[in-house]
Amino acid sequence: MPNPPKILAFAGSARRDSLNKKLLHVVVEATRAAGGEVTVIDLNDLPMPLYHGDLEDREGLPANAQKMVELVLAHDALLIASPEYNSMITPLFKNTIDWCTRADDNPLIGKVAAVVSASPGQFGGVRSMQLARALLTHLGCLVIPAACTVAKADAAFDEQGKLRDPRTQQAAEKVARQLVATTTKLRD
């Protein structure tokens with residue numbers, strides 16, 4: 001692809017061995033195979049304080065929040081793996097998004113986004129994925145309809161980090177293709 005869409009990818013988990021980081025890796029590989037140029041970041045590398053309006057008034061946007069905003073602005077699309085904590089999105093993911101929206105201009109407006117989720121439970125993080133999709137849509141993202149959730153994710157990956165189930169792998173590839181295709185159409 002001569003001018004591949006630039007996609008920023010991250011998981012809303014701080015855990016080193018996060019199941020969602022494993023799923024993100026699978027979808028990132030598929031996105032690159034579909035023609036996307038992907039930058040993967042770990043939110044552990046951009047620690048931010050819990051959003052607090054008085055802190056913002058006193059000190060402004062934290063340096064790592066500004067870095068995150070710059071990363072979002074430098075990319076055409078987002079690929080997010082959203083873990084599920086108590087049937088909700090994670091505080092890390094929500095806090096990151098909250099700080100991003102405090103920039104002078106919301107950097108999420110007009111971005112294409114894809115959300116995937118993995119969970120050791122039987123629902124595969126579908127509740128978190130739906131909440132993340134709703135939040136991103138509300139903030140101005142165009143969230144693609146393709147979805148990939150991985151139930152019983154603690155047993156879903158082999159020793160090399162590949163998905164064991166071919167249908168789940170196909171769902172991951174569908175997300176990747178749709179993210180690249182939609183971003184390319186909207187950008188051109």
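FYI, it's all coordinate maths here, none of it is from the lab. Please read all numbers here as calculations on a predicted model, not as lab measurements. Methodologically, a virtual Cβ is constructed for each residue, glycine included, from the backbone with ideal geometry; neighbour enumeration extends over all protein chains shown.
Within the listed set Pro107, Pro62, Pro83, the residue fluctuating most in the Gaussian network model of the chain (springs between alpha-carbon atoms under 10 angstrom) is Pro62. Restricting the stretch 3-109 to GluC sites (Glu not before Pro) that sit in a DSSP loop and have at most 14 other Cβ atoms within 10 Å of their own Cβ leaves nothing. When the helices of the chain are scored as -39500 (n - 2.57) per DSSP H run of n ≥ 4 and the total is divided over every residue, the value at 222 nm lands at -13000 deg cm²/dmol.
Relative to the dominant Cα principal axis of the chain, helix 91-100 is inclined by about 50°. Of the residues Asp154, Asp76, Asp57, which exhibits the maximal mean-square fluctuation in a Gaussian network model of the chain defined by a 10 Å Cα contact cut-off? For the chain, modelled as a Gaussian network with Cα springs under 10 Å, the answer is Asp57.
What is the dipole size for the chain, taken about its Cα centre, with +1 at each Lys and Arg Cβ and -1 at each Asp and Glu Cβ, in debye to the nearest 20?
Rounded to the nearest 20 debye, it is 660 debye.
From Cα pairs below 8 angstrom and at least 6 apart in sequence, can you work out the relative contact order of the chain, rounded to a whole percent? Computed over the chain, the figure is 25 percent. Largest GNM mean-square fluctuation among Ala81, Ala14, Ala155, using the chain with Cα springs under 10 Å: Ala155.
Please give me, ordered by residue number, the trypsin sites (Lys or Arg not before Pro) of the stretch 15-122 that lie in loop per DSSP and have at most 13 other Cβ atoms within 10 Å.
Numbers: sites: Arg15, Arg16, Lys21, Lys22, Arg32, Arg58, Lys67, Lys94, Arg102, Lys111; in loops: Arg15, Arg16, Arg102, Lys111.
Within the stretch 15-122, the qualifying trypsin sites (Lys or Arg not before Pro) (loop, at most 13 other Cβ atoms within 10 Å) are Arg15, Arg16.
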